[in-house]
Amino acid sequence: MAVVSFTHRRDAMTSSCPLRIGTDRLSLSVLPEAGGGVLAFDALVDGQPVPLMRPASFPLEDGAGLIDPNRLASYPLLPWSNRIAHGGFFHGEQWVPLARNRADDAWPIHGSGWQRPWTVLSHGPDSMVLALDEALPEAYAFRATMGYRIVGDTMRFTVRVINAGPRALPFGLGVHPFFPLHGGVRLHAPATSVWQNDGRDPLPVRRESVPPAWDFSEPADLPAGGLNHAFQGWNGHAVIEWPARALRLHIEADVDTYVIYVPEGEAFFCFEPVDHPINAVHLPGGAVANGMTELAPRSSLERAFAFRVERLDA
């Protein structure tokens, strides 16, 4: 199957400047043209920035001159999260075709919002709102908005999608932050089950109880590299702690699933709050049974996420 690149070229017609918001405790920089993604999210400690998300890697463009969202600090996930197998899926009697959207991935991944330029609806000292109108032939058409807001020690992120197509379809939302290790990190994120894969690719094959090595019901060190799984039965609250930086980040989300990605040999990991596991549309029971929401035309879905920083030496 041919790869359809949804990532756009940066040129004089599409270039835009980063939008910055902040307080005396937090600073956030967002680039609307790069999927509305985050360039930097920092705590201000004694006036100095300390990354709470891995800073964007520059240049943002790959060798073909295309913006690569995976060089950002974070980006939105819509209208689904992670990978979908088989080139699409059936919803009822309707086949929904989905083209591959990354040359280095075997399946469509992360929807399309992360690879589109977003329009700025509003921007002030501590908040911004962005919008996107999208239409994929024979598949998803939607209107999306997302907002970033900083209040005191908390950054709040919301994303909302409206089904602009003619048919009901399953939608899913989430966010994909990259977090620094800062020399050592502990994670607290209770979950009751995990989707195991075959060890060769991240597509799930069975759901099991969380094994001890991946149990974050109490604060624990991250496991060795290679982890790339969806966890469910989450209570929507997680804590990332960096002892060397004397910082703790509380994450609140109105979803019950997260994906953890711990690559081998890198200085970051991903903790992705989402409302459905990898390949949800093909799991037993189908999309809705696995956390996605069926939206009739003109119906909407919204998810909210909060990131609150706490100093341990204050």
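Coordinate-derived values only; no laboratory data. Remember, it's a predicted structure, so these values are computed and weren't measured experimentally. Ideal geometry is used to build each Cβ from the backbone, glycine not excepted, and the neighbour counts take in all protein chains shown.
For region 118-131, which positions are in contact with a Leu (Cβ under 8 Å, 6 or more places away or on another chain) and of a type outside the set (S, T, N, Q)? It would help to see each step written out before you state the result.
Keep residues of region 118-131 that are in contact with a Leu (Cβ under 8 Å, 6 or more places away or on another chain), which gives 118-121, 123, 128-131.
TRP118, VAL120, LEU121, HIS123, MET128, VAL129, LEU130, ALA131 - these are the residues of region 118-131 that are in contact with a Leu (Cβ under 8 Å, 6 or more places away or on another chain) and of a type outside the set (S, T, N, Q).
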Subject >> Elements of type strands (runs of 3 or more DSSP E) in region 126-172, at least 2 residues being of a type in the set (Ser, Thr, Tyr) >> reply: 141-151, 154-163
**OP:** Name the single residue, out of those in region 288-313 being among the basic types (Lys, Arg) and within 22 Å of LEU28 (Cα to Cα), that is surrounded by the fewest Cβ atoms within 10 Å (Cβ to Cβ).
**Re:** ARG311
**OP:** Kindly indicate the residue of region 260-285 that is without any contact (Cβ under 8 Å) to a residue 60 or more places away in the chain and at positive phi and also surrounded by the most Cβ atoms within 10 Å (Cβ to Cβ) among those meeting that condition.
**Re:** GLY285
**OP:** Just give me the residues in region 33-80 being assigned to a loop (DSSP other than H, G, I, E, B), buried (at least 22 other Cβ atoms within 10 Å of the Cβ) and not aliphatic (A, V, I, L, M), in sequence order.
**Re:** GLY35, GLY36, ARG54, PRO79, TRP80
Original post:
Which pairs do you get when a residue that is farther than 24 Å from GLU310 by Cα and in contact (Cβ under 8 Å) with a residue 60 or more places away in the chain, found in region 217-239, comes within reach of a residue that is surrounded by 13 or more Cβ atoms within 10 Å (Cβ to Cβ) and among the polar types (S, T, N, Q), reach meaning Cβ atoms under 8 angstrom, with the pair 6+ apart or on two chains?
Top reply: ALA230/ASN82; ALA230/THR257
